[in-house]
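Asker: Sharing a structure below in C-alpha coordinates format, with a few things to ask.
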Amino acid sequence: MNKTIKRKAIAFLIAMMALPASSWATGYTQTKYPIVLAHGLFGFDNIGPVEYWYGIPSALRADGAKVYVTQVAAANSTEVRGEQLLTQVRQILAVTGAAKVNLIGHSHGGPTARYVASVRPDLVASVTSVGGVNRGSKVADVLLGIAPAGSLSNAVLVSISNGLAQIISFLSGKPNLSQDALAAANSLSTAGSLKFNAKYPEAVPTSACGEGAYQVNGVAYFSWSGAKPYTNFLDVVDPALALTSLAFGSEKNDGLVASCSSHLGKVIRDDYAMNHLDEVNQTIGLVNIFETNPVTIYRQQANRLKNMGL
Ligand code: CA
(Lines give C-alpha, C1' and ligand atoms only; values in the text may rest on other atoms or scores of the structure.)
Protein backbone atom coordinates (compact mmCIF):
# COMPACT_ATOMS: atom_id res chain seq x y z
CA MET A 1 0.00 0.00 0.00
CA ASN A 2 1.49 3.35 -0.89
CA LYS A 3 2.00 5.87 1.89
CA THR A 4 -0.76 8.32 0.88
CA ILE A 5 -3.41 5.63 0.67
CA LYS A 6 -2.28 4.21 3.99
CA ARG A 7 -2.44 7.63 5.62
CA LYS A 8 -5.93 8.23 4.18
CA ALA A 9 -7.11 4.82 5.39
CA ILE A 10 -5.86 5.55 8.90
CA ALA A 11 -7.50 8.98 8.89
CA PHE A 12 -10.77 7.39 7.75
CA LEU A 13 -10.63 4.80 10.54
CA ILE A 14 -9.93 7.47 13.15
CA ALA A 15 -12.87 9.53 11.87
CA MET A 16 -15.14 6.48 12.06
CA MET A 17 -14.08 5.78 15.65
CA ALA A 18 -14.72 9.38 16.64
CA LEU A 19 -18.37 9.11 15.60
CA PRO A 20 -20.71 8.00 18.36
CA ALA A 21 -21.85 4.46 17.57
CA SER A 22 -25.49 5.53 17.68
CA SER A 23 -25.13 7.98 14.81
CA TRP A 24 -24.38 5.08 12.47
CA ALA A 25 -27.90 3.84 12.90
CA THR A 26 -30.49 6.21 11.56
CA GLY A 27 -33.70 5.94 13.50
CA TYR A 28 -31.86 5.63 16.82
CA THR A 29 -34.37 7.97 18.49
CA GLN A 30 -37.33 7.09 16.25
CA THR A 31 -39.96 6.31 18.85
CA LYS A 32 -43.37 5.02 17.80
CA TYR A 33 -45.15 7.81 19.69
CA PRO A 34 -44.20 11.52 19.65
CA ILE A 35 -41.96 12.79 22.45
CA VAL A 36 -43.51 15.66 24.40
CA LEU A 37 -41.25 17.79 26.60
CA ALA A 38 -42.69 19.47 29.72
CA HIS A 39 -40.58 22.19 31.33
CA GLY A 40 -40.09 23.03 34.99
CA LEU A 41 -40.42 26.28 36.87
CA PHE A 42 -39.90 29.38 34.73
CA GLY A 43 -39.92 28.74 31.01
CA PHE A 44 -36.98 31.09 30.36
CA ASP A 45 -39.51 33.44 28.82
CA ASN A 46 -37.38 36.50 29.57
CA ILE A 47 -33.99 35.54 28.26
CA GLY A 48 -34.54 35.91 24.58
CA PRO A 49 -34.41 33.07 22.10
CA VAL A 50 -32.67 30.55 24.36
CA GLU A 51 -34.67 27.32 24.40
CA TYR A 52 -35.36 25.65 27.73
CA TRP A 53 -34.28 22.21 26.45
CA TYR A 54 -31.02 23.50 25.06
CA GLY A 55 -30.12 21.54 21.91
CA ILE A 56 -32.24 18.58 22.99
CA PRO A 57 -35.23 18.65 20.56
CA SER A 58 -32.96 19.01 17.52
CA ALA A 59 -30.72 16.16 18.69
CA LEU A 60 -33.73 13.88 19.14
CA ARG A 61 -35.25 14.88 15.79
CA ALA A 62 -31.96 14.29 13.98
CA ASP A 63 -32.32 10.54 14.45
CA GLY A 64 -36.02 10.23 13.78
CA ALA A 65 -38.04 11.32 16.81
CA LYS A 66 -41.08 13.58 16.50
CA VAL A 67 -40.60 16.11 19.30
CA TYR A 68 -43.02 18.67 20.71
CA VAL A 69 -42.04 21.32 23.24
CA THR A 70 -44.94 22.36 25.43
CA GLN A 71 -45.41 25.55 27.42
CA VAL A 72 -47.48 25.67 30.59
CA ALA A 73 -47.75 28.29 33.34
CA ALA A 74 -44.19 29.10 34.36
CA ALA A 75 -45.13 28.94 38.02
CA ASN A 76 -48.34 27.45 39.28
CA SER A 77 -49.70 24.40 41.07
CA THR A 78 -49.08 20.96 39.61
CA GLU A 79 -52.79 20.45 38.87
CA VAL A 80 -53.15 23.76 36.99
CA ARG A 81 -50.03 23.03 34.96
CA GLY A 82 -51.17 19.43 34.46
CA GLU A 83 -54.48 20.51 32.94
CA GLN A 84 -52.64 22.89 30.60
CA LEU A 85 -50.28 20.10 29.55
CA LEU A 86 -53.21 17.73 28.95
CA THR A 87 -54.80 20.27 26.58
CA GLN A 88 -51.56 20.46 24.61
CA VAL A 89 -51.20 16.67 24.53
CA ARG A 90 -54.68 16.43 23.00
CA GLN A 91 -53.68 19.01 20.36
CA ILE A 92 -50.49 17.08 19.55
CA LEU A 93 -52.45 13.85 19.19
CA ALA A 94 -54.93 15.59 16.87
CA VAL A 95 -52.18 17.06 14.70
CA THR A 96 -50.06 13.90 14.46
CA GLY A 97 -52.80 11.30 14.46
CA ALA A 98 -50.80 9.40 17.08
CA ALA A 99 -52.67 7.39 19.71
CA LYS A 100 -50.35 8.29 22.60
CA VAL A 101 -47.36 10.40 23.57
CA ASN A 102 -44.12 9.84 25.45
CA LEU A 103 -43.92 12.54 28.12
CA ILE A 104 -40.56 13.79 29.40
CA GLY A 105 -40.75 16.30 32.24
CA HIS A 106 -37.96 18.20 33.97
CA SER A 107 -38.18 19.45 37.57
CA HIS A 108 -41.79 20.53 38.17
CA GLY A 109 -42.45 19.09 34.70
CA GLY A 110 -42.06 15.62 36.25
CA PRO A 111 -45.14 15.83 38.50
CA THR A 112 -46.91 17.80 35.74
CA ALA A 113 -46.45 14.88 33.33
CA ARG A 114 -47.48 12.44 36.05
CA TYR A 115 -50.76 14.32 36.46
CA VAL A 116 -51.59 13.83 32.76
CA ALA A 117 -50.67 10.13 32.88
CA SER A 118 -52.75 9.68 36.00
CA VAL A 119 -55.95 11.26 34.67
CA ARG A 120 -55.59 10.07 31.04
CA PRO A 121 -53.37 6.96 31.01
CA ASP A 122 -54.94 5.98 27.69
CA LEU A 123 -53.17 8.94 26.03
CA VAL A 124 -49.71 8.30 27.49
CA ALA A 125 -47.19 5.61 26.51
CA SER A 126 -44.52 6.64 29.01
CA VAL A 127 -43.48 9.25 31.56
CA THR A 128 -39.81 10.09 32.06
CA SER A 129 -39.07 12.31 35.04
CA VAL A 130 -35.76 14.22 34.90
CA GLY A 131 -34.67 15.80 38.20
CA GLY A 132 -38.37 15.55 39.05
CA VAL A 133 -39.69 16.99 42.29
CA ASN A 134 -41.58 13.81 43.12
CA ARG A 135 -41.23 13.91 46.88
CA GLY A 136 -40.77 17.62 47.26
CA SER A 137 -37.76 19.90 47.52
CA LYS A 138 -36.24 21.11 50.76
CA VAL A 139 -35.45 24.37 48.98
CA ALA A 140 -39.19 24.97 48.60
CA ASP A 141 -39.60 24.05 52.28
CA VAL A 142 -37.04 26.67 53.25
CA LEU A 143 -38.72 29.23 51.01
CA LEU A 144 -42.04 28.62 52.74
CA GLY A 145 -40.39 28.86 56.15
CA ILE A 146 -41.03 25.22 56.99
CA ALA A 147 -37.48 23.90 57.07
CA PRO A 148 -36.93 21.17 59.61
CA ALA A 149 -36.60 23.02 62.93
CA GLY A 150 -33.12 23.31 64.33
CA SER A 151 -31.52 21.52 61.38
CA LEU A 152 -30.14 24.62 59.71
CA SER A 153 -28.66 27.78 61.17
CA ASN A 154 -30.13 31.16 60.28
CA ALA A 155 -27.04 32.05 58.28
CA VAL A 156 -27.48 28.92 56.16
CA LEU A 157 -31.19 29.63 55.66
CA VAL A 158 -30.31 33.11 54.42
CA SER A 159 -27.72 31.66 52.03
CA ILE A 160 -30.26 29.20 50.62
CA SER A 161 -32.86 31.91 50.11
CA ASN A 162 -30.29 34.18 48.47
CA GLY A 163 -29.21 31.38 46.17
CA LEU A 164 -32.79 30.67 45.16
CA ALA A 165 -33.49 34.37 44.59
CA GLN A 166 -30.48 34.53 42.26
CA ILE A 167 -31.67 31.49 40.30
CA ILE A 168 -35.22 32.82 40.01
CA SER A 169 -34.00 36.23 38.99
CA PHE A 170 -31.70 34.72 36.37
CA LEU A 171 -34.28 32.35 34.90
CA SER A 172 -37.32 34.60 34.99
CA GLY A 173 -35.82 38.06 34.80
CA LYS A 174 -37.91 38.98 37.84
CA PRO A 175 -36.28 39.61 41.20
CA ASN A 176 -39.30 38.76 43.35
CA LEU A 177 -41.65 35.84 43.70
CA SER A 178 -45.13 36.28 42.27
CA GLN A 179 -48.26 34.84 43.84
CA ASP A 180 -48.17 32.05 41.30
CA ALA A 181 -44.63 31.24 42.36
CA LEU A 182 -45.93 30.70 45.87
CA ALA A 183 -48.55 28.28 44.51
CA ALA A 184 -45.69 26.49 42.77
CA ALA A 185 -43.62 26.48 45.96
CA ASN A 186 -46.53 24.90 47.81
CA SER A 187 -46.76 22.17 45.19
CA LEU A 188 -43.00 21.66 45.33
CA SER A 189 -42.72 21.54 49.12
CA THR A 190 -42.36 18.16 50.81
CA ALA A 191 -45.84 18.39 52.35
CA GLY A 192 -47.45 19.56 49.09
CA SER A 193 -45.77 16.77 47.12
CA LEU A 194 -46.87 14.07 49.52
CA LYS A 195 -50.42 15.36 49.27
CA PHE A 196 -50.21 15.26 45.47
CA ASN A 197 -48.74 11.73 45.59
CA ALA A 198 -51.67 10.50 47.67
CA LYS A 199 -54.04 11.62 44.91
CA TYR A 200 -51.82 10.66 41.98
CA PRO A 201 -49.75 7.72 43.26
CA GLU A 202 -48.81 6.05 39.97
CA ALA A 203 -45.19 4.78 39.97
CA VAL A 204 -44.21 6.74 43.09
CA PRO A 205 -41.83 4.63 45.21
CA THR A 206 -43.47 3.28 48.35
CA SER A 207 -40.17 3.28 50.27
CA ALA A 208 -38.20 6.46 50.97
CA CYS A 209 -35.54 5.96 48.29
CA GLY A 210 -36.65 2.92 46.31
CA GLU A 211 -37.99 2.49 42.82
CA GLY A 212 -41.63 2.73 41.82
CA ALA A 213 -43.69 0.39 39.67
CA TYR A 214 -42.24 0.19 36.16
CA GLN A 215 -45.68 0.19 34.57
CA VAL A 216 -49.07 1.40 35.83
CA ASN A 217 -52.32 1.48 33.82
CA GLY A 218 -50.32 0.70 30.67
CA VAL A 219 -47.93 3.65 31.17
CA ALA A 220 -44.17 2.98 31.52
CA TYR A 221 -42.43 5.15 34.13
CA PHE A 222 -38.75 6.17 34.29
CA SER A 223 -36.58 8.67 36.12
CA TRP A 224 -33.05 9.99 36.18
CA SER A 225 -31.30 12.90 37.87
CA GLY A 226 -28.01 14.52 38.72
CA ALA A 227 -26.36 14.74 42.12
CA LYS A 228 -23.67 17.42 41.81
CA PRO A 229 -24.67 21.06 42.47
CA TYR A 230 -21.49 22.73 41.17
CA THR A 231 -20.14 21.38 37.88
CA ASN A 232 -18.76 24.15 35.66
CA PHE A 233 -17.05 27.33 36.83
CA LEU A 234 -18.03 29.10 33.60
CA ASP A 235 -21.74 28.71 34.34
CA VAL A 236 -23.01 31.75 36.25
CA VAL A 237 -25.84 29.78 37.91
CA ASP A 238 -23.57 27.23 39.59
CA PRO A 239 -22.63 29.34 42.64
CA ALA A 240 -26.35 29.89 43.33
CA LEU A 241 -27.03 26.15 43.04
CA ALA A 242 -24.18 25.53 45.47
CA LEU A 243 -26.02 27.80 47.93
CA THR A 244 -29.44 26.16 47.50
CA SER A 245 -27.83 22.72 47.89
CA LEU A 246 -27.13 23.66 51.53
CA ALA A 247 -30.81 22.89 52.21
CA PHE A 248 -30.05 19.19 51.81
CA GLY A 249 -27.19 18.79 54.28
CA SER A 250 -25.35 15.58 53.42
CA GLU A 251 -28.18 14.20 51.27
CA LYS A 252 -27.31 13.64 47.58
CA ASN A 253 -28.90 16.40 45.47
CA ASP A 254 -28.62 18.37 42.23
CA GLY A 255 -28.85 21.77 43.92
CA LEU A 256 -32.65 21.91 43.95
CA VAL A 257 -33.89 18.32 44.24
CA ALA A 258 -32.65 15.40 46.35
CA SER A 259 -31.73 12.26 44.39
CA CYS A 260 -34.22 10.20 46.37
CA SER A 261 -37.00 12.70 45.66
CA SER A 262 -36.38 12.36 41.92
CA HIS A 263 -37.19 8.64 41.95
CA LEU A 264 -40.16 7.51 39.87
CA GLY A 265 -40.82 4.11 38.28
CA LYS A 266 -37.63 2.60 36.91
CA VAL A 267 -34.65 4.62 38.16
CA ILE A 268 -32.17 4.85 35.30
CA ARG A 269 -29.64 6.67 37.49
CA ASP A 270 -29.89 9.24 40.27
CA ASP A 271 -26.28 10.34 40.54
CA TYR A 272 -25.06 11.80 37.28
CA ALA A 273 -22.42 14.45 37.99
CA MET A 274 -24.88 17.15 36.96
CA ASN A 275 -26.82 19.91 38.64
CA HIS A 276 -30.47 20.78 38.16
CA LEU A 277 -29.84 22.98 35.11
CA ASP A 278 -27.24 20.67 33.53
CA GLU A 279 -30.15 18.22 33.29
CA VAL A 280 -31.58 20.40 30.50
CA ASN A 281 -28.15 21.25 29.06
CA GLN A 282 -28.12 24.74 30.58
CA THR A 283 -26.80 27.33 30.79
CA ILE A 284 -26.42 27.18 26.97
CA GLY A 285 -24.54 23.90 27.01
CA LEU A 286 -22.28 24.69 29.97
CA VAL A 287 -22.33 21.33 31.73
CA ASN A 288 -19.85 19.00 33.40
CA ILE A 289 -17.26 18.08 30.77
CA PHE A 290 -16.29 15.00 32.82
CA GLU A 291 -19.81 13.52 32.69
CA THR A 292 -21.89 12.02 29.87
CA ASN A 293 -23.48 14.90 27.99
CA PRO A 294 -27.15 15.33 29.00
CA VAL A 295 -28.19 15.40 25.33
CA THR A 296 -26.78 11.87 24.99
CA ILE A 297 -28.89 10.71 27.93
CA TYR A 298 -32.07 12.03 26.25
CA ARG A 299 -31.09 10.21 23.06
CA GLN A 300 -30.48 7.00 25.01
CA GLN A 301 -33.89 7.31 26.65
CA ALA A 302 -35.58 7.81 23.27
CA ASN A 303 -33.78 4.69 22.05
CA ARG A 304 -34.92 2.78 25.15
CA LEU A 305 -38.53 3.78 24.43
CA LYS A 306 -38.15 2.85 20.78
CA ASN A 307 -36.82 -0.60 21.72
CA MET A 308 -39.82 -1.09 24.01
CA GLY A 309 -42.12 -0.37 21.07
CA LEU A 310 -43.21 2.95 22.57
CA1 CA B 1 -24.69 24.07 33.90
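The values are calculated or read from the model by the stated rules, or taken from the named source; none is laboratory data. Just so we're clear, the structure is a prediction, and the values are computed from it rather than from any experiment. All Cβ positions, glycine included, derive from the backbone under ideal geometry; neighbour counts span all protein chains shown. We work out accessible area using only protein heavy atoms, side chains counted, and drop any ligands, DNA or RNA first. Shrake-Rupley method; radii C 1.70, N 1.55, O 1.52, S 1.80 Å.
Asker: So the check is Cβ under 8 Å with 6+ separation or different chains; which pairs have a first residue in the stretch 197-215 that's buried (at least 16 other Cβ atoms within 10 Å of the Cβ) and a second one that's of a type in the set (A, V, I, L, M, F, W, C) and in a strand (DSSP E or B)?
Answerer: E202/V216; E202/V219; A203/V127; A203/V216; A203/V219; E211/V267
Asker: Something else now. May I ask you to list the residues in the stretch 67-99 that are assigned to a loop (DSSP other than H, G, I, E, B) and either at pLDDT below 95 or buried (at least 21 other Cβ atoms within 10 Å of the Cβ) (or both)?
Answerer: Within the stretch 67-99, T70, Q71, V72, A73, A74, A75, N76, S77 meet the criteria.
Asker: G255 - would you say it is within 16 Å of the ligand (Cβ to nearest atom), surrounded by fewer than 19 Cβ atoms within 10 Å (Cβ to Cβ), on the phi > 0 side of the Ramachandran plot and in a loop (DSSP other than H, G, I, E, B)?
Answerer: no
Asker: Testing D235 on (1) within 19 Å of the chain's Cα centre (by Cα); (2) outside any loop (DSSP other than H, G, I, E, B), one condition comes back false. Which one is that?
Answerer: The one condition D235 does not meet is (2).
Asker: Taking the residues in the stretch 262-273 that are out of contact with any Pro (no Cβ under 9 Å at 6 or more places or on another chain) and free of Cβ contacts under 8 Å to residues at least 60 places away in the same chain as candidates, determine which candidate is most open to solvent (accessible area, probe 1.4 Å).
Answerer: R269
Asker: Would you mind stating whether D235 is surrounded by 24 or more Cβ atoms within 10 Å (Cβ to Cβ), touching a Leu at 6+ places or on another chain (Cβ under 9 Å) and touching a residue at least 40 places away in the same chain (Cβ under 8 Å)?
Answerer: No.
Asker: Please find, within the stretch 274-310, the residue that is surrounded by the most Cβ atoms within 10 Å (Cβ to Cβ) out of those that are within 11 Å of the ligand (Cβ to nearest atom) and within 17 Å of S223 (Cβ to Cβ).
Answerer: That would be N275.
Asker: For the stretch 181-213, name all the residues that are charged (D, E, K, R) and more than 20 Å from I268 (Cα to Cα).
Answerer: K195, K199
Asker: For the stretch 104-154, name all the residues that are in contact (Cβ under 8 Å) with a residue 60 or more places away in the chain, closer than 18 Å to S77 by Cβ and part of a loop (DSSP other than H, G, I, E, B).
Answerer: S107, H108, G132, V133, N134, R135, G136, S137
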